[in-house]
Amino acid sequence: MTKRSMQDILVLGAGGFGIEVGWLIDDINRVKPSWDMLGFLDADETKWGGKRYGYNVLGDLDQLESLPRPLSMAVAIGSPQRRKSLVEMLRRRNIEFPPLIHPSVIMSKTVKISEGVIIAAGSVLTVEIHIGAHTHIDTACAVGHETKLGEYVRLNPKVSVAGNVTLSDGVYVGSGASIIQGLTIGANTVVGAGAVVIRDLPANVVAVGNPARVIKGNASLNKRNC
């Protein structure tokens, strides 16, 4: 595939996960040239005109008006609620959201992946797994058989999800947390870093500890917690 036939892509978010996505795109291209990485967009104007992971930070979303279509985008925003809001707005601008999977990821042919999914290096997904749109699986995660991840879920690094688990839309799981088999976690719930979940959790709460216990309702996370 020549560079001319490669698809233009931007990364929305020039924070820590954003530059990891830049690395992911580079590694995809090393295996099979697929993406012409145009740079980053970010709301933080102090980043504009600079570089992140060797790519330009072009500005904020206003820059989209000057770019040709078709145009793909990776939305590298940790907060599920903020990510959902941005995706819904971007749909009206004729943006495409391809799934991005690092070449080192191990997964079976029965893993079903929706638009905008990002799966980072070193993760393992076994069989009969469904991953909803715009879900992020960060580095070195493990997802067991017949698990269902809803839309806009976030698994931070080294999360372990056992088999037959359901994570509802907008669930956010901190680094190193473990969820045992057969559980359901309700929409928009936050599981703290290092927590061990041994029973179902309701929607819209924060749970921490080993074993995980609910400590409060969920104030939306607006930044990456890993």
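The values are calculated or read from the model by the stated rules, or taken from the named source; none is laboratory data. All values reported here derive from a predicted model rather than from experimental measurement. A quick note on method: Cβ atoms are made from the backbone with ideal geometry, for glycine too, and the neighbour counts reach across all protein chains shown. Surface areas here come from the heavy atoms of the whole protein model, side chains and all, with no ligands, DNA or RNA. Shrake-Rupley method; radii C 1.70, N 1.55, O 1.52, S 1.80 Å.
Table for the structure above
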quantity	calculated
In segment 64-89, the residues that are of a type in the set (A, V, I, L, M, F, W, C), without any contact (Cβ under 8 Å) to a residue 60 or more places away in the chain and surrounded by fewer than 19 Cβ atoms within 10 Å (Cβ to Cβ)	L67, M89
Filtered residue count, segment 64-77, keeping only those that are at pLDDT 95 or above and either of a type outside the set (A, V, I, L, M, F, W, C) or part of a helix (DSSP H, G or I) (or both)	1
Residue in segment 193-207 that is under 27 Å from S104 (Cα atoms), open to solvent by less than 40 Å² (accessible area, probe 1.4 Å) and not in a loop (DSSP other than H, G, I, E, B) present	yes
Hey, F17 assigned to a helix (DSSP H, G or I), among the aromatic types (F, W, Y), open to solvent by less than 70 Å² (accessible area, probe 1.4 Å) and in contact (Cβ under 8 Å) with a residue 24 or more places away in the chain or not	yes
Tally, over segment 1-50, of residues that are under 22 Å from the mean Cα position of the chain (by Cα) and either more than 24 Å from S104 (Cβ to Cβ) or small (G, A, S) (or both)	15
Lone qualifier among V171, V159, V190, V153 - being in contact with a His (Cβ under 9 Å, 6 or more places away or on another chain), closer than 17 Å to F17 by Cβ and not hydroxyl-bearing (S, T, Y)	V153
Residue within segment 95-112 that is of a type in the set (S, T, Y) and assigned to a helix (DSSP H, G or I) present	no
Selection within segment 155-173 - within 13 Å of the chain's Cα centre (by Cα) and either farther than 17 Å from G122 by Cα or not in a loop (DSSP other than H, G, I, E, B) (or both)	L155, D169, G170, V171, Y172, V173
Residue satisfying all of: in segment 33-63; within 23 Å of R91 (Cβ to Cβ) and assigned to a helix (DSSP H, G or I); most open to solvent (accessible area, probe 1.4 Å) among these	D62
Whichever residue in segment 122-171 is basic (K, R) and touching a strand residue (DSSP E or B) at 6+ places or on another chain (Cβ under 6 Å) and, among such residues, is nearest to D200 (Cα to Cα)	K148
Failed condition for N94, given (1) open to solvent by 40 Å² or more (accessible area, probe 1.4 Å); (2) at negative phi; (3) of a type in the set (S, T, N, Q)	(2)
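One line per residue, one yes/no per condition, for (1) touching a residue at least 12 places away in the same chain (Cβ under 8 Å); (2) surrounded by 23 or more Cβ atoms within 10 Å (Cβ to Cβ); (3) within 22 Å of G186 (Cβ to Cβ); (4) in contact with a Ser or Thr (Cβ under 7 Å, 6 or more places away or on another chain):
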residue: I113; (1), (2), (3), (4): yes, no, no, no
residue: I119; (1), (2), (3), (4): yes, yes, no, no
residue: T126; (1), (2), (3), (4): yes, no, no, yes
residue: I131; (1), (2), (3), (4): yes, yes, yes, yes
residue: H134; (1), (2), (3), (4): yes, yes, yes, no
residue: D138; (1), (2), (3), (4): yes, yes, yes, no
residue: T147; (1), (2), (3), (4): yes, yes, yes, no
residue: V153; (1), (2), (3), (4): yes, yes, yes, yes
residue: N156; (1), (2), (3), (4): yes, yes, yes, yes
